[in-house]
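Peer 1: Structure in structure tokens, see below.
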Amino acid sequence: MRLSFALVLGALLVFCALVLPNHPGTMNWSAVNRWPLELPVILLFMIAFGRIPGVASILAALLIAASLMKLADYATFTAYNRTFNPIVDTFLIEAGFGLLQDSVGRPLAIAMAVTGGALVAIYFVLLRFGLKAWGSLSPPVWAKTAAVLGIMITGSWAVADAGHHLKYWRFDQSPPGTAWTSRLVFKRGTEMQATVDDLSVFRREARADPMRQAQGLLDRLSGRDVLLIWIESYGRASFDNPLYSETHLPTLQSAETALTQAGLSVKSGWLTSPTAGGESWLAHGALSTGLWTSDNGRYNAMLVSNRKWLFHYARDAGYRTAAIMPAITLAWPESAVMGFDHIFAAADIPYRGKRFGWVTMPDQFTLATYQDLLPPDPRPDFIQVALISSHAPWTPIPQMIRDQDLGDGTVFTPMAEQGPPARELWKDHDDVRDAYRRAVDYSLQAVFSHVAKLGKQAPLVIVAGDHQAAGFVAGSDNRDVPIHVIGPTDVLSLINHWGWADGLAPAADGPVRRMDTFRDDFLLAFTSSGQLAGEPR
């Protein structure tokens with residue numbers, strides 16, 4: 001009786017490991033309707049060879065590894081709309097744990113991590129126990145021979161299915177059953193090898209900078225300050241998804257009116273971000289370096305390539321460069337290669353109010369105080385401000401107040417104590433979407449009210465979304481983000497050839513460029529053609 005239980009348990013646990021989905025859209029009970037072709041191969045293998053020492057442990061470990069890979073895919077699909085790549089994504093484990101701590105608190109986060117580890121260990125022990133039960137069977141010689149023949153038949157069947165779906169060969173119909181776990185592991189292996197090859201090519205591209213020898217850059221700006229503002233998680237969903245457009249479009253229309261009254265013109269277009277759901281630094285890197293930093297392997301390769309960022313070129317053109325980074329709370333050594341003269345992290349900004357969960361301070365406070373951080377300098381400014389109020393988990397959410405009431409930020413403390421904790425909010429996806437809607441709207445109000453107050457003497461202002469929110473929030477896997485350029489009409493006339501729309505609403509069918517095109521497009525547009533080889537694109 002005990003052996004029968006162990007045999008059933010072993011088969012059931014192997015079945016569960018094989019049918020476990022890797023995507024949120026398939027994480028439901030329909031997954032158990034798929035017959036895994038690897039199941040008979042594994043069980044027959046244990047019957048034939050299970051008495052070899054260590055076989056059960058090795059198979060159990062492989063099945064656990066495949067299951068963890070699927071769960072990693074599930075997490076990255078949920079957050080970033082893509083699969084997990086072990087070559088470039090291992091850092092996400094630490095980053096994810098950090099976000100979990102900020103959302104539910106360190107003790108509960110540690111408890112959840114320990115519980116997860118314990119569950120994996122228990123699953124491994126039970127899986128090994130069940131497999132050893134199959135290996136403990138003592139069939140006659142003819143039965144073992146039949147098991148080996150069965151392995152060959154069922155294994156060939158699984159290979160036929162895998163090859164069909166991987167397009168190594170084609171059948172008129174897919175073989176019954178599925179070997180999708182084997183396919184997934186095989187694909188991930190080939191993707192990892194492709195990543196290694198891609199990084200080799202990328203390193204060569206990073207070293208070959210077409211703008212490196214350019215002289216006299218940005219002379220057409222005549223020393224006008226430049227301000228680049230990043231709005232966190234601001235994507236095309238604000239225009240295409242009615243859940244958000246009904247709120248965000250009126251806010252943008254009001255902002256456009258205020259900008260026009262301030263004597264400023266606006267042009268807006270679309271850029272395709274290299275990321276979605278998070279990893280804002282990939283977008284920052286792509287826009288500023290002219291390289292498609294679509295994963296952290298590429299980003300790290302870019303950092304060590306001596307590639308010149310937009311801020312290097314601005315500094316070469318006589319600008320003082322600075323980064324206002326309220327999200328930076330730890331050491332940021334990689335910033336040394338980005339071309340900034342000054343970096344102001346969260347601790348350098350004089351905010352004394354309470355944190356808004358993960359968010360260190362409201363965007364309105366950041367925008368109202370960054371100019372006071374800069375020491376006297378006769379050079380014009382080229383400043384990046386990376387805002388964070390619209391960063392997940394979108395609770396609590398600040399509200400706009402009068403600038404004269406900002407003080408040291410303590411006025412925001414009551415707001416930071418309102419709203420549900422993240423662990424409650426994220427139990428309901430509709431509540432999450434509503435919170436996202438309000439958070440982005442707050443950031444839009446903060447940004448454009450600040451720019452309007454700068455008036456005719458405003459810098460040339462670039463406002464860009466870094467990426468779309470996660471797919472279940474944005475409502476699509478589209479990676480387009482809006483970008484707005486604000487300044488005097490005569491200055492904006494220099495980018496007419498980009499084909500962007502007038503106003504804060506990009507044309508729905510307007511041109512879409514990858515984010516890595518912006519650096520060179522910007523440098524070419526605002527530099528006299530006689531200074532450069534080539535024409536603006």
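Each value in this text was obtained by applying a stated rule to the coordinates, not by laboratory testing. Because the structure is a prediction, the values reported are computed rather than measured. Here Cβ is always computed from backbone atoms with ideal geometry, including for glycine, and neighbour counts include all displayed protein chains.
Peer 1: State the number of residues belonging to the stretch 179-235 that are in a helix (DSSP H, G or I) and more than 27 Å from Q371 (Cα to Cα).
Peer 2: Matching residues across the stretch 179-235 total 28.
Peer 1: Let me confirm something: among P376, P398, P380, P414, which residue is of a type outside the set (S, T, N, Q) and buried (at least 20 other Cβ atoms within 10 Å of the Cβ)?
Peer 2: Matching residue, one of P376, P398, P380, P414: P398.
Peer 1: Within 30 Å of D198 (Cβ to Cβ) and either β-branched (V, I, T) or buried (at least 22 other Cβ atoms within 10 Å of the Cβ) (or both): is that true of L310 in this structure?
Peer 2: yes
Peer 1: Here is a check on your reading of the model: is W134 touching a residue at least 60 places away in the same chain (Cβ under 8 Å), under 26 Å from L3 (Cβ atoms) and in a helix (DSSP H, G or I)?
Peer 2: yes
Peer 1: Answer yes or no as to whether S443 is part of a helix (DSSP H, G or I) and farther than 24 Å from A508 by Cα.
Peer 2: In short, no.
Peer 1: So which residues in the stretch 137-149 are part of a helix (DSSP H, G or I) and under 12 Å from M46 (Cα atoms)?
Peer 2: Correct list: K144, A147, V148.
Peer 1: Find all pairs meeting these conditions: Cβ atoms under 8 angstrom apart; at least six residues apart or on different chains; first residue within the stretch 157-185 and free of Cβ contacts under 8 Å to residues at least 60 places away in the same chain and under 21 Å from V32 (Cα atoms); second residue basic (K, R) and crowded, with 17+ Cβ neighbours inside 10 Å.
Peer 2: Hits for this filter: A162/R183; H165/R183.
Peer 1: Hey, another quick one. Inspect all residues belonging to the stretch 487-503 and state whether any of them is more than 24 Å from F365 (Cβ to Cβ), touching a Phe, Trp or Tyr at 6+ places or on another chain (Cβ under 8 Å) and buried (at least 21 other Cβ atoms within 10 Å of the Cβ).
Peer 2: No: the stretch 487-503 contains no residue that is more than 24 Å from F365 (Cβ to Cβ), touching a Phe, Trp or Tyr at 6+ places or on another chain (Cβ under 8 Å) and buried (at least 21 other Cβ atoms within 10 Å of the Cβ).
Peer 1: Would you be able to tell me the number of residues in the stretch 360-386 that are more than 26 Å from L310 (Cβ to Cβ) and either among the aliphatic types (A, V, I, L, M) or touching a Lys or Arg at 6+ places or on another chain (Cβ under 8 Å) (or both)?
Peer 2: Qualifying residue count, the stretch 360-386: 0.
Peer 1: Condition test on N306, is it more than 30 Å from D434 (Cα to Cα), out of contact with any Ser or Thr (no Cβ under 7 Å at 6 or more places or on another chain) and part of a helix (DSSP H, G or I)?
Peer 2: No: the conditions fail for N306.
Peer 1: Out of all the residues in the stretch 405-460, which are in contact (Cβ under 8 Å) with a residue 60 or more places away in the chain, farther than 25 Å from N241 by Cβ and of a type in the set (G, A, S)?
Peer 2: A416, A452, G455, A458
Peer 1: Follow-up question, since we're still on this one. From the list R220, R224, which residue is of a type in the set (K, R) and out of contact with any strand residue (DSSP E or B) (no Cβ under 8 Å at 6 or more places or on another chain)?
Peer 2: Going through R220, R224 in turn, the sole match is R220.
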